[in-house]
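What follows is a short report on a single structure.
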Amino acid sequence: MSITLGQALLTRTATQAHEHATSSAPPTTVPVIEAIATGAPSLVLDQSVAADWVAGQFTDPEQQSRIRRIFRKTMIDTRRFAVDPLDPRVHAPGGKTATIQDRMQLFYRHAVPLAVDVARRALDGVDPADLGLLVFATSTGVIAPGVDAAVVEELGLPRSIARLVVNFMGCAAAMNGIRTASDFVQANPDKKAMVLCIELNSVHAVPVEDIDDAVIRSLFGDGCGAVVIGANRGEEQVEAGTIVIRDKFTHLCEGTEDGIAVGVNHDGITCELSENVPQYIYDGVAPVVGDVLRRNGLRQQDIDVWAIHPGGPKILLESARSLGLPPEASSTSWQVLGEYGNMSSVSLIFVLERIAGEAAADKPISTGVAFSFAPGVTIEGFVFDVVQASHAVVRSSRSASGRWASPLNRVRGGVERRLMDRQFE
């Protein structure tokens, strides 16, 4: 079922204008997410197996118990990997630690087929000639010509397509790319843009030497996601599940440079997380989100959906606490975290795909806020509307890893209970 975007937005706007005198009419041309595709490598690693392996790298029984507790408290059940992070033959061939050059070759070899598959499914039904911009984002592979060029070649995209590569924007790279792609289609409404993110954290696995290494090993997984963004002039028909981007925001928090650091060493790409990150998130989220809501004539109670980066329990909990929300407010994010771990820039695309597939029978429009975190610490995201049909059917994910059919309310009641169980072991 489809409805006119202009009618739906004007209905929503009229309701909000009655409640908030500052509400403004929607723009004549708005960016919309027309398609989302996701995929993950086939190797599935159970979190308990990973915990036992990492604990086995230590001889102190107390340290082993601590490591197993760290893994349990991640709220992660499984993760997907391109290469086995527990196999020393991959990461230390011949007993010698792999070099950064070795890891970049490994990244490229595994990234290209996964990225091509996800991009092809995202572009299903799109005329390649209509694609004017390809934004490729990753923090786990730095090589040129890279995956972006391979996607153009493999899918036969126009050789005149503009390409933008985003490196080292961490978990917020998808938000950064969506902001850029949205600006592009508004300036070029006859063209579409694709944002393609891939993260293969497994190619950078190194020997575990201390508890900090164990924390990193407990969180990150591999995945790929793509969104196709077009421009809608307000009177065009849109399908149920279309995500309309109302506004974008980014904020570099002051005095937080130590929070998230991505770097390059001789033996791989590293990510360091400060113990201060939860406090930075708690201090920063509410003011930034409050600002953008006021700018759009919205109050927090107007938000139906929260798409928060599923980077780990502390990120989700402190984001919710900053906003005064219960943990289950971002239940879709918790679900993705449990199934895939922290896939860095890719994670929020998985969350958005599931949100787009949720039916809301009681309203034609659901309003949401999506945000993630980049080095800096930077908070980056957007305000969106999900256009819903009154009798929309929950759609299945097009993920290469399988079909998703679990309704959101399955996890809402269990999030808080699982948190209590694991945090107080």
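The values are calculated or read from the model by the stated rules, or taken from the named source; none is laboratory data. Owing to the predicted nature of the structure, the values given are computational and were not obtained by experimental measurement. Every residue, glycine as well, gets a Cβ built from its backbone with ideal geometry; the counts of neighbours run over all protein chains shown. To get the accessible areas, we keep the full protein, side chains included, count just its heavy atoms, and leave off ligands, DNA and RNA. Shrake-Rupley method; radii C 1.70, N 1.55, O 1.52, S 1.80 Å.
Can you tell me which residue in region 29-61 is modelled with the lowest pLDDT, limited to those that are among the polar types (S, T, N, Q) and out of contact with any helix residue (DSSP H, G or I) (no Cβ under 9 Å at 6 or more places or on another chain)?
Our first condition is that a residue be among the polar types (S, T, N, Q); within region 29-61, this holds for 29, 38, 42, 47-48, 57, 59.
Imposing the further condition that a residue be out of contact with any helix residue (DSSP H, G or I) (no Cβ under 9 Å at 6 or more places or on another chain) reduces the set to 42, 59.
Numbers: SER42: 96, THR59: 92.
Selected residue: THR59.
Between a residue in region 277-297 that is open to solvent by less than 20 Å² (accessible area, probe 1.4 Å) and any residue that is modelled with pLDDT of 95 or more and in a helix (DSSP H, G or I), which pairs come within a Cβ distance under 6 Å, given they are 6 or more apart or on different chains?
Close Cβ pairs satisfying both conditions: ILE281/GLU318; ILE281/SER319; VAL285/SER319; VAL285/SER322.
Inspect all residues belonging to region 237-245 and state whether any of them is buried (at least 19 other Cβ atoms within 10 Å of the Cβ), assigned to a loop (DSSP other than H, G, I, E, B) and modelled with pLDDT under 90.
The answer is yes, given that some residue of region 237-245 is buried (at least 19 other Cβ atoms within 10 Å of the Cβ), assigned to a loop (DSSP other than H, G, I, E, B) and modelled with pLDDT under 90.
What are the pairs, 6+ residues apart or on separate chains, where a residue within region 173-201 that is part of a loop (DSSP other than H, G, I, E, B) has its Cβ under 8 Å from a residue that is among the hydroxyl-bearing types (Ser, Thr, Tyr) and open to solvent by less than 40 Å² (accessible area, probe 1.4 Å)?
What qualifies is PRO189/THR29.
Could you check how many residues of region 91-113 are farther than 17 Å from PRO145 by Cα and surrounded by 18 or more Cβ atoms within 10 Å (Cβ to Cβ)?
Of all residues in region 91-113, those farther than 17 Å from PRO145 by Cα come to 91-99.
Next, from what is left, pick out any that are surrounded by 18 or more Cβ atoms within 10 Å (Cβ to Cβ): 91, 98.
Summing the residues that are farther than 17 Å from PRO145 by Cα and surrounded by 18 or more Cβ atoms within 10 Å (Cβ to Cβ) in region 91-113 gives 2.
Can you tell me which condition ASP222 does not meet? The list is (1) closer than 17 Å to SER372 by Cβ; (2) buried (at least 24 other Cβ atoms within 10 Å of the Cβ), and all the others hold.
Only one criterion in (1) closer than 17 Å to SER372 by Cβ; (2) buried (at least 24 other Cβ atoms within 10 Å of the Cβ) is unmet by ASP222, namely (1).
Search region 108-123 for residues that are within 16 Å of ASN201 (Cα to Cα) and pair each with any residue that is part of a helix (DSSP H, G or I) when their beta-carbon atoms are under 6 Å apart and the residues are at least 6 apart or on different chains.
Note: pairs meeting the criteria are ALA111/VAL147; VAL112/VAL147; VAL112/ALA150; ALA115/VAL147; ALA115/VAL151.
Each row is one residue, and each column tells you yes or no for (1) closer than 20 Å to GLY312 by Cα; (2) of a type in the set (D, E, K, R); (3) touching a strand residue (DSSP E or B) at 6+ places or on another chain (Cβ under 7 Å).
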{"site": "GLU154", "(1), (2), (3)": "no, yes, no"}
{"site": "LEU164", "(1), (2), (3)": "no, no, yes"}
{"site": "GLY170", "(1), (2), (3)": "yes, no, yes"}
{"site": "ASN176", "(1), (2), (3)": "no, no, yes"}
{"site": "ALA187", "(1), (2), (3)": "no, no, no"}
{"site": "ILE211", "(1), (2), (3)": "yes, no, no"}
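Six or more apart or on different chains, Cβ under 7 Å: which pairs go from a residue in region 69-81 that's open to solvent by 10 Å² or more (accessible area, probe 1.4 Å) to one that's at pLDDT below 95 and of a type in the set (A, V, I, L, M, F, W, C)? Could you list them?
Listed pairs, sorted by first residue: ILE70/ALA214; ILE70/VAL215.
Considering only region 249-346, give the strands (runs of 3 or more DSSP E) lying wholly within it that have at least 1 residues that are in contact with a Phe, Trp or Tyr (Cβ under 6 Å, 6 or more places away or on another chain).
Numbers: elements: 260-265, 268-273, 305-308.
The qualifying strands (runs of 3 or more DSSP E) are 260-265.
Which ones in region 151-166 are buried (at least 18 other Cβ atoms within 10 Å of the Cβ) and in contact (Cβ under 8 Å) with a residue 40 or more places away in the chain?
Passing the criteria: only VAL151.
Residue check, VAL215 against (1) of a type in the set (Val, Ile, Thr); (2) touching a strand residue (DSSP E or B) at 6+ places or on another chain (Cβ under 6 Å); (3) modelled with pLDDT of 85 or more; (4) open to solvent by 20 Å² or more (accessible area, probe 1.4 Å), all met but one. Which one?
Result: VAL215 fails condition (2) only.
Hey, PRO207 hits all of (1) outside any strand (DSSP E or B); (2) closer than 28 Å to ILE100 by Cβ; (3) open to solvent by less than 50 Å² (accessible area, probe 1.4 Å) but one; which does it fall short on?
Unmet condition: (3).
Identify, by number, the condition in (1) open to solvent by 10 Å² or more (accessible area, probe 1.4 Å); (2) in contact with a Cys (Cβ under 9 Å, 6 or more places away or on another chain); (3) in a strand (DSSP E or B) that LEU133 doesn't meet.
(2)
Regarding VAL262, is this residue in contact (Cβ under 8 Å) with a residue 60 or more places away in the chain, surrounded by fewer than 21 Cβ atoms within 10 Å (Cβ to Cβ), aliphatic (A, V, I, L, M) and in contact with a helix residue (DSSP H, G or I) (Cβ under 7 Å, 6 or more places away or on another chain)? Explain how you work it out, then say what you get.
Details: in contact (Cβ under 8 Å) with a residue 60 or more places away in the chain: yes; surrounded by fewer than 21 Cβ atoms within 10 Å (Cβ to Cβ): yes; aliphatic (A, V, I, L, M): yes; in contact with a helix residue (DSSP H, G or I) (Cβ under 7 Å, 6 or more places away or on another chain): yes.
In short, yes.
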